[in-house]
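Working notes, beginning with the structure itself.
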Amino acid sequence: MSAEFAPAATTYNPEKRNGLQLIAVPAFSDNYLWMVCQGDHAIVVDPGQAAPVQTILQQHQLQLDAILLTHHHHDHVGGVTQLIEATGAPVYGPAGETLPACDRRLAEGDSVSLPGVGLELQVLDVPGHTAGHIAYHGTLGPQRQPILFCGDTLFAAGCGRLFEGTPEQMVTSLTKLANLHSDTLVCCAHEYTLSNLKWALAVEPDNAALRNRWHAASTLRKQSQPTLPSTLQSELDTNPFLRTAQASICAAAADYAGKPLHDPIAVFATLREWKNNF
């Protein structure tokens, strides 16, 4: 699996059964339920719906080894109970949130080993979108490809709304993610890329990397293909929320606010308001 930007498949490929498969399973109107499959084994991240996951499991006779949750919102946990009843898979989730089920409560510093699908993951606390949101980062497969399952904290060219957290918390959380390896595959939970890029271009109209990404993402969506996973390097190049200390981003945010902004938290808060109203 290349660390270069490469969209995930949306369906399981039986011809690749013995290899690793990273699948962005569509759900609702714009969710992705991330599955990793290898051999007879599979795991799923944030299954807001059970049916599309069960279809893959049943059609290809896969064993669900684990359910990983990042936060409590229904579109991320709504399928958990049904999947437990069907598969008996253990559930891993954030220690500080109310979940429909959870066998192992996780917080920053904890680790999750899923050898059946070649995943070794570390847990990060990333509050902001919700108070107890966590992310999973680590390596995938024998090539130890860096990977991140970030729920609704980081999106392609965007970030999650602040439903329970503060701008300061989200800046801290995004900084943790920005410090991961630049080759990390960023597995976001929603197909928000085009709307986020449109806003990012309003913030940085002269960013050539942003324009290139807009054209690439537009082509993928016209073909009904996911724009994800992203890479962390792509986010560092094109996501204004990860560069709140950069002069051009600060200037654009100050212009939108109509006043000087003196620190990255104020810049972030303005960017978040700008995106909310865009």
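Nothing in this text is a laboratory measurement; each read-out follows from the coordinates by a stated rule. The model shown is predicted, which means the values in this text are computed figures rather than measured ones. FYI the Cβ positions are ideal-geometry reconstructions off the backbone, even for glycines, and counts take in every protein chain you see.
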Query raised in the report: Given the rule -39500 (n - 2.57) for each run of at least 4 DSSP H residues, summed and divided by the residues of the chain, what is its mean residue ellipticity at 222 nm, to the nearest 500 deg cm²/dmol?
Result: -9500 deg cm²/dmol
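Report the calculated FRET efficiency for residue 131 and residue 81 (r = Cβ-Cβ distance, R0 = 25 Å), to the nearest 0.05. Walk me through the numbers on the way to the answer.
Values: r = 23 Å, r/R0 = 0.90.
About 0.65, to the nearest 0.05.
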Query - Reference-scaled alpha-carbon Rg (2.2 N^0.38 Å with N residues) for the chain - result: 0.98
**Report entry** lysines whose Cα lies under 27 Å from that of residue 16, excluding same-chain neighbours fewer than 8 positions away
**Finding:** 222
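When Lys and Arg each count +1 and Asp and Glu each count -1, what net charge do the other residues less than 14 Å away from residue 153, Cβ to Cβ, add up to?
Working: positive: 161, 176, 272; negative: 46, 97, 108, 125, 152, 164, 235.
Residues close to residue 153 contribute a combined charge of -4.
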Requested in this report: Provide 195, 224 in ascending order of the number of other Cβ atoms located within 10 Å of each residue's Cβ, fewest first.
Outcome: 224, 195
Query raised in the report: Taking +1 at the Cβ of each Lys and Arg and -1 at the Cβ of each Asp and Glu, which of 89, 202, 43 sits farthest along the dipole of the chain towards its positive end, judged by Cα position relative to the Cα centre?
Result: 202
Report summary line: Taking the alpha-carbon centre of each part, the distance from the stretch 34-87 to the stretch 123-139 in Å is 19
Query raised in the report: How about residue 275: which lysines have a C-alpha closer than 20 Å to its C-alpha, ignoring those fewer than 8 places off in the same chain?
Result: 198, 259
Query raised in the report: If one takes the longest principal axis of the Cα atoms in the chain, at what angle in degrees, from 0 to 90 and to the nearest 10, does the Cα axis of helix 208-222 lie?
Result: 40
Report task. Can you work out the PRE-style zone for residue 29? Point 7 Å along Cα to Cβ, and I want the residues of the stretch 203-232 with backbone N under 19 Å. Result -> 221-222, 224-227
**Report entry** Spatial separation of Cα centroids for the stretch 244-259 and the stretch 216-235, in angstrom
**Finding:** 27
Query raised in the report: Of 144, 213, 161, 272, how do they rank once you tally other Cβ atoms within 10 Å and put the fewest first?
Result: 144, 161, 272, 213
Query raised in the report: Using +1 on the beta carbon of Lys and Arg, -1 on that of Asp and Glu, and nothing else charged, what's the dipole of the chain about the Cα centre, debye to 20?
Result: 540
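How would 215, 181 line up from fewest to most surrounding beta-carbon atoms within 10 angstrom?
On the way: 215 11, 181 15.
In increasing order of surrounding Cβ atoms, one gets 215, 181.
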Requested in this report: Can you tell me the FRET efficiency between residue 208 and residue 107 if r is taken as the Cβ-Cβ distance and R0 is 30 Å, rounded to the nearest 0.05?
Outcome: 0.15
Query - Whole-number D in µm² s⁻¹ for the stretch 125-239, Kirkwood Cα-pair radius fed into Stokes-Einstein, 20 °C, 1.002 mPa s - result: 148
